[in-house]
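K.L.:
Sharing a structure, written as structure tokens. Questions coming.
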Amino acid sequence: AAGLWTVFTLGGVGSKASPQLEQCSPLASQSLLLLLVLANLTDAPDMPNPYRQAIMSFKNTQDNTAFSSSNPHAFQINFNSLYTALCEQQKSDQATLLLYMLLHQNSNVRTYVLARTDIENLV
């Protein structure tokens, strides 16, 4: 879970235009690319993609509702930290693709982002 958290918070991922950030944390950059590839693999006929299932179902740690462990791929992260990291890294194609995927596939993230009053930071 700690490695996935590093990917979601983008751990210093930068765009190709800013090589000092990529040199600072190449592992985070490569991890984000790996997560994007794994989450976009096609589903097998008898088993759905577990990475896509995890992307679609994670919840906010600040949410007061009970966390159900019925989904084996469910986990929680701090949406405020995720939002801040995504706002800071929007010059990166990988971060923009992650944001797009989260907004379209995870209703919890979509609801959180739409409820923010500082959405202009993201745009």
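The values are calculated or read from the model by the stated rules, or taken from the named source; none is laboratory data. Keep in mind that this is a model prediction, so the values were computed, not measured. Virtual Cβ from ideal backbone geometry, glycine too; neighbours counted across all protein chains shown. SASA here: full protein model, heavy atoms, side chains in, ligands and nucleic acids out. Shrake-Rupley method; radii C 1.70, N 1.55, O 1.52, S 1.80 Å.
K.L.:
Taking 0.36 nm per residue of sequence separation and subtracting the Cα-Cα distance, how much length would be gained by fully extending the chain between N64 and L103, in nm to one decimal?
P.N.:
11.9 nm
K.L.:
Modelled label-to-label distance, F75 and L114, 7 Å Cα→beta-carbon offset: nm?
P.N.:
2.7 nm
K.L.:
Could you compute how much accessible surface T42 exposes when probed at 1.4 Å, giving the result in Å² to the nearest 10?
P.N.:
Around 120 Å² of this residue is reachable by solvent.
K.L.:
Here's something else I'd like to know. When the chain is fully extended, how far beyond the present Cα-Cα distance does T42 get from V123, taking 0.36 nm per residue of separation?
P.N.:
Between T42 and V123, full extension yields 26.2 nm more.
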